Each structure stands twice: as C-alpha cells, then as structure tokens.
Amino acid sequence: QVQLVESGGGLVQPGGSLRLSCVISWRDFSVYDVAWYRQAPGKERHWVAVADRTGNRRYVDDVKGRFTVTRDNAKNTVYLQMDNLEPEDTAVYYCHPEFTTYWGQGTQVTVSS
C-alpha cells in the first residue's frame, strides 16, 4: 500500500523559511514525477512545483525564485524549501505523484506576523 507522509509545516513570520518533506513508501517512487500542491482556505487545490523523474524542476510563477523543489530517490523523499515566505503562501501543502490517485494528509503552512 502506498503511503505519503508530509511534514515540516508550521507558523512562520513573513520573510521566513520552512522546509517541507514528503516521504513516499512506494517501490515505483523513482519513475514518477512528484509534485507539490497547496490549498488555501476556501480555495481550490493548486499545483506549486514538480521534481520530475529526470531531476528537472518546474514552478508556478508565484513561487519562482523563492521555492526550491528537490528529490532524493534513495530516500523516497521529495523536499520543498520555501524562502521569503509571504502571507499568501498560507495553505495546506500536499505532495502527489503525478498521474496517480495518491495523496498525503498535507501539512499546514501559516505565514503571519
């Protein structure tokens, strides 16, 4: 059974940083692109960034230059380093192997002074 566990969220002041982790217990981890999504209160879930299976990375415009997505296939883990956080980044963050039905429980990120 595939399990995804996100961690690293919390409360941070504007301009601060957080590092999210997503551990995926799945033998096929290395052959899938893994993305981060976020869902703000009262809004739909949106794609944020992806680390594809070849190591390439892509970002939504809102986070370019502030967020960095990486993956460690040996650890079945994907990371999201978030710097210079803004209140608009407040959301529940989820990791998701693209084109699958697998989702984690999410981790809350709150940016507030």
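The values are calculated or read from the model by the stated rules, or taken from the named source; none is laboratory data. Every value quoted in this text rests on a predicted model; they were computed, and no experiment measured them. Cβ sites come from the backbone with ideal geometry, for glycine too, and all protein chains shown count toward neighbours. Quick note on the areas: whole protein, heavy atoms, side chains included, nothing else; ligands and nucleic acids left out. Shrake-Rupley method; radii C 1.70, N 1.55, O 1.52, S 1.80 Å.
Six or more apart or on different chains, Cβ under 7 Å: which pairs go from a residue in the stretch 95-111 that's in contact (Cβ under 8 Å) with a residue 40 or more places away in the chain and of a type outside the set (S, T, N, Q) to one that's outside any strand (DSSP E or B) and open to solvent by less than 10 Å² (accessible area, probe 1.4 Å)? Could you list them?
Filtered contacts from the stretch 95-111: V109/D89; V111/L85; V111/D89.
Filter the stretch 4-23 down to residues that are of a type in the set (S, T, Y) and under 11 Å from Q81 (Cα atoms), then give me how many there are.
2
Considering the stretch 2-26 alone, what residues qualify as being among the β-branched types (V, I, T), open to solvent by less than 30 Å² (accessible area, probe 1.4 Å) and more than 12 Å from Y102 (Cα to Cα)?
Within the stretch 2-26, just V12 meets the criteria.
Pick from V60, V69: which is within 26 Å of F29 (Cβ to Cβ), open to solvent by less than 30 Å² (accessible area, probe 1.4 Å) and at pLDDT 95 or above?
Going through V60, V69 in turn, just one is within 26 Å of F29 (Cβ to Cβ), open to solvent by less than 30 Å² (accessible area, probe 1.4 Å) and at pLDDT 95 or above: V69.
Which of the residues belonging to the stretch 72-113 are farther than 13 Å from V48 by Cα, out of contact with any Gly (no Cβ under 8 Å at 6 or more places or on another chain), open to solvent by 40 Å² or more (accessible area, probe 1.4 Å) and in a strand (DSSP E or B)?
Passing the criteria: only D72.
Given the structure, is V31 of a type in the set (V, I, T), free of Cβ contacts under 8 Å to residues at least 60 places away in the same chain, closer than 15 Å to W103 by Cβ and open to solvent by 40 Å² or more (accessible area, probe 1.4 Å)?
No, not satisfied.
Inspect all residues belonging to the stretch 50-57 and state whether any of them is surrounded by 13 or more Cβ atoms within 10 Å (Cβ to Cβ) and within 19 Å of V111 (Cβ to Cβ).
no
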